[in-house]
Amino acid sequence: QEILDEIRLKKGASFFRWDAGEAEQVLEKMPEIENATVDKSFPGTVRIHIRESRQVALWKQEDKLYPVLANGRVLMNRPWKAQPPPGPILSDWGTRTEDRTALARELALLPRERLEEISGIRPAVDPVYRDVVSVDTRWGHEIRLRIKGLHKKMELYPEFHHHPPGTLYLIDSIRFVPERRGRE
């Protein structure tokens, strides 16, 4: 119904005055829609084909969660009300929208099972690269890597599931540092 309202299409509307091309443009401006085609054929048939942008994460702001789409857009008008699905929660990003968009595109390239292993992602500080992130996993590991090529580097992670909690560095080389536990 929301789509029909957006393109101003309703039963009884004038078939000849309604513009399918204009409707297509309106749909493609909607943040949730990756692409849309609208076909109109006589005597009164309208076919709308829509591909939605995949949800890849949740954006945390002021203790609320919002869907993050593969195209990098955050649906601030649709707060998440249910139990969060398995997958990353993006926090502490401030106004870094360019990095957020690049990250969302990288996350969209991950297979679903790899995406579900990630519990959170936040920006990290690195003396060389400005796009380093800290990825927390459901297995108790922290992974430090760059946004650029994240989807390729995350494919290495299953080899580390059996390791104890610690930090895995996948920036320029591969290095694992186990978590230090206090000695008594």
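The values are calculated or read from the model by the stated rules, or taken from the named source; none is laboratory data. Nothing here was measured: the structure is a model prediction, and the numbers come from that model. Note that each Cβ is placed from the backbone with ideal geometry, even for glycine, and that neighbours are counted across all protein chains shown. SASA here: full protein model, heavy atoms, side chains in, ligands and nucleic acids out. Shrake-Rupley method; radii C 1.70, N 1.55, O 1.52, S 1.80 Å.
Couple of notes before you dig in:
- Of residues in segment 74-96 being over 19 Å from ARG138 (Cβ atoms) and of a type in the set (Val, Ile, Thr), the one least open to solvent (accessible area, probe 1.4 Å): VAL74
- Among (1) open to solvent by less than 60 Å² (accessible area, probe 1.4 Å); (2) at pLDDT below 85; (3) not polar (S, T, N, Q) - the single one TRP59 does not satisfy: (2)
- Per this entry, ARG78 is not counted among residues that are part of a strand (DSSP E or B), without any contact (Cβ under 8 Å) to a residue 60 or more places away in the chain and among the charged types (D, E, K, R).
- Considering only residues in segment 17-32 that are of a type in the set (Asp, Glu) and in a loop (DSSP other than H, G, I, E, B), the one that is most open to solvent (accessible area, probe 1.4 Å) turns out to be ASP19.
A quick yes/no check of all residues on (1) in contact with a helix residue (DSSP H, G or I) (Cβ under 9 Å, 6 or more places away or on another chain); (2) at pLDDT 85 or above; (3) over 18 Å from VAL56 (Cβ atoms); (4) not aliphatic (A, V, I, L, M):
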| position | (1), (2), (3), (4) |
| --- | --- |
| ALA70 | yes, yes, no, no |
| LEU90 | yes, yes, no, no |
| GLU98 | no, no, no, yes |
| PRO111 | yes, yes, no, yes |
| THR167 | no, yes, yes, yes |
| ASP172 | no, yes, yes, yes |
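- Count of segment 9-39 residues which are touching a helix residue (DSSP H, G or I) at 6+ places or on another chain (Cβ under 8 Å) and more than 25 Å from LEU69 (Cα to Cα): 3
- Every test in (1) at pLDDT 85 or above; (2) of a type in the set (Gly, Ala, Ser); (3) more than 18 Å from PHE160 (Cα to Cα) is passed by GLY94 save one, and that test is (1).
- Exactly one residue among ASP136, ASP131, ASP99 is without any contact (Cβ under 8 Å) to a residue 24 or more places away in the chain and either closer than 20 Å to PRO67 by Cβ or open to solvent by less than 30 Å² (accessible area, probe 1.4 Å) (or both), and that residue is ASP136.
- Residue count for segment 38-53, restricted to those that are in a loop (DSSP other than H, G, I, E, B) and either touching a Ser or Thr at 6+ places or on another chain (Cβ under 6 Å) or surrounded by 15 or more Cβ atoms within 10 Å (Cβ to Cβ) (or both): 1.
- Residue identified as surrounded by 16 or more Cβ atoms within 10 Å (Cβ to Cβ) and on the phi < 0 side of the Ramachandran plot among ASN35, ASN71: ASN71
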